[in-house]
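Visitor: One structure, pasted below without further comment.
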Amino acid sequence: MNTAAAFADFRTYPLISALSGVQALADRILVTWADTRISPFHHQWLRDNCPCPQCVYTVTREQVLEIVDVAEDLTTANARVDAEGCLCVDWQDGHQSRFDPGWLRAHAYDDESRAERRAGKPKSRLWKSDLPLPVFDYQALMNDNDALLQWLLAVRDIGLTQVRGVPTEPGSLKLIAQRISFIRESNFGVLFNVQSKADADSNAYTAFNLPLHSDLPTRELQPGLQFLHCLVNDADGGESIFVDGFAIAQALREEDPESFKALCEIPVEFRNKDRHSDYRCLAPIIALDAVGHVSEIRMANFLRGPFDASVDEMPRLYRAYRRFIAMTREARFRVMTRLNPGEMWCFDNRRTLHARNAFDPATGARHFQGCYVDRDELLSRILVLQR
């Protein structure tokens with residue numbers, strides 16, 4: 001059974017356990033569930049989350065109530081479970097709130113419920129050189145939302161995917177990227193052409209080898225997803241190389257915790273400059289989220305400025321930096337393969353570092369097109385498809 005919480009959301013919530021009892025205390029309500037779990041809900045929290053049309057605009061499902069407009073010492077006049085199994089609260093100021101049990105259980109904040117939610121959150125699946133590469137079919141992704149969802153989940157959880165059967169006409173990349181959302185434009189354009197040219201404004205547009213890196217670490221927010229679509233690849237060399245930056249960070253955390261700590265704490269400046277632009281960003285190479293999990297790798301040696309650290313920290317930073325780059329060169333982490341015409345990479349640019357071997361333009365043409373989509377758009381599209 002799925003239940004919906006009045007106007008609180010666009011989603012529905014499974015009825016994991018029915019409400020079996022309610023006890024009103026001085027500053028909270030204790031809810032007992034049919035599976036014997038007990039969840040306390042403070043009066044302020046319940047009133048703040050009232051889903052009624054006075055508190056939530058029914059069109060946007062966004063809150064209009066501000067808790068500061070409710071008395072801080074607000075108490076209940078009555079609390080009960082109604083005939084439909086919902087929690088009903090009559091407040092002393094005359095307001096009434098009604099909470100769906102599925103929604104209420106999904107947002108309960110007792111220790112057990114919070115631990116349950118943390119355990120149920122999506123987790124990155126770390127990989128090394130033996131990665132079974134997730135491969136998807138272009139036509140299926142363009143026409144089948146179930147196939148699209150499976151692709152996006154793989155991008156989210158693994159961070160590296162390949163799509164085959166993509167048309168090789170220039171601009172075809174735009175159509176599949178827009179199956180996720182709008183494309184993020186940069187100073188390189190909406191779609192950028194990766195091919196060797198004499199007036200290159202990036203090492204990517206040469207025949208040089210490119211070491212493992214993330215794109216645009218010079219931006220405050222690095223692009224979330226990167227797409228690279230092969231139109232022509234007749235030149236010798238130019239193989240693609242990938243490593244899971246999260247897996248390397250985890251290995252570094254276990255094998256050399258001091259170096260891991262240094263790369264999380266000491267910021268490094270990255271610079272991307274040409275004749276018409278000059279982007280700079282100061283940030284740690286390894287970023288952690290609010291609960292201490294690795295959330296981002298920021299790395300491109302060819303876009304790095306001189307280190308600016310204290311005299312005491314400089315040796316520590318160099319030691320950690322050298323160790324990190326050395327690990328990206330270890331065979332245990334590296335996936336290397338050649339991209340053929342009609343094939344496309346889609347990977348998490350803030351996780352999966354990518355590289356390219358040098359190629360010889362005298363042996364044939366090599367033309368890739370690329371673009372970016374932010375990670376937020378990926379996560380939003382997944383949630384909409386799931387609901």
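The values are calculated or read from the model by the stated rules, or taken from the named source; none is laboratory data. All figures in this text were calculated on a predicted structure; none of them were measured in a lab. Cβ sites come from the backbone with ideal geometry, for glycine too, and all protein chains shown count toward neighbours.
Visitor: Any residue in region 62-89 that's closer than 22 Å to ALA34 by Cβ: show its pairings with residues that are in a strand (DSSP E or B) and of a type in the set (Lys, Arg) at Cβ separation under 7 Å, as long as the two are six or more apart or on different chains.
Guide: Qualifying pairs under 7 Å: CYS86/ARG98; CYS88/ARG80; CYS88/ARG98.
Visitor: I'd like to check something: does region 209-224 contain any residue that is at pLDDT 95 or above, surrounded by 15 or more Cβ atoms within 10 Å (Cβ to Cβ), over 16 Å from LEU141 (Cβ atoms) and of a type in the set (A, V, I, L, M, F, W, C)?
Guide: yes
Table: residues versus (1) surrounded by fewer than 16 Cβ atoms within 10 Å (Cβ to Cβ); (2) of a type in the set (D, E, K, R); (3) at pLDDT 95 or above.
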| position | (1), (2), (3) |
| --- | --- |
| ASP35 | yes, yes, yes |
| LEU46 | no, no, yes |
| CYS50 | no, no, yes |
| VAL56 | no, no, no |
| ARG61 | yes, yes, no |
| ASP69 | yes, yes, yes |
| LEU74 | no, no, no |
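Visitor: For GLU296, only one of the following conditions fails: (1) loosely packed, with under 15 Cβ neighbours inside 10 Å; (2) at pLDDT 95 or above; (3) not aliphatic (A, V, I, L, M). What is its number?
Guide: So GLU296 meets the others, but not (1).
Visitor: Name the strands (runs of 3 or more DSSP E) wholly within region 307-373 that hold at least 2 residues that are more than 25 Å from SER181 (Cα to Cα) and either in contact (Cβ under 8 Å) with a residue 12 or more places away in the chain or of a type outside the set (A, V, I, L, M) (or both)?
Guide: Qualifying strands (runs of 3 or more DSSP E): 335-337, 352-356.
Visitor: Would you check if there is a residue in region 243-255 being within 30 Å of GLU313 (Cα to Cα), assigned to a strand (DSSP E or B) and touching a residue at least 24 places away in the same chain (Cβ under 8 Å)?
Guide: Yes, region 243-255 contains a residue that is within 30 Å of GLU313 (Cα to Cα), assigned to a strand (DSSP E or B) and touching a residue at least 24 places away in the same chain (Cβ under 8 Å).
Visitor: Condition first: under 22 Å from GLU220 (Cα atoms), crowded, with 22+ Cβ neighbours inside 10 Å and in contact with a helix residue (DSSP H, G or I) (Cβ under 7 Å, 6 or more places away or on another chain). Can you find one or more residues in region 371-379 that meet it?
Guide: yes
Visitor: Quick check: is even one residue across region 344-353 charged (D, E, K, R), over 26 Å from the mean Cα position of the chain (by Cα) and at negative phi? Working first, answer last.
Guide: Of region 344-353, the ones charged (D, E, K, R) are 348, 350-351.
Within this subset, residues satisfying the condition of being over 26 Å from the mean Cα position of the chain (by Cα) are none.
No, region 344-353 contains no residue that is charged (D, E, K, R), over 26 Å from the mean Cα position of the chain (by Cα) and at negative phi.
Visitor: A further question follows. Report yes if PHE99 is within 31 Å of the chain's Cα centre (by Cα) and modelled with pLDDT of 95 or more, otherwise no.
Guide: Yes, satisfied.
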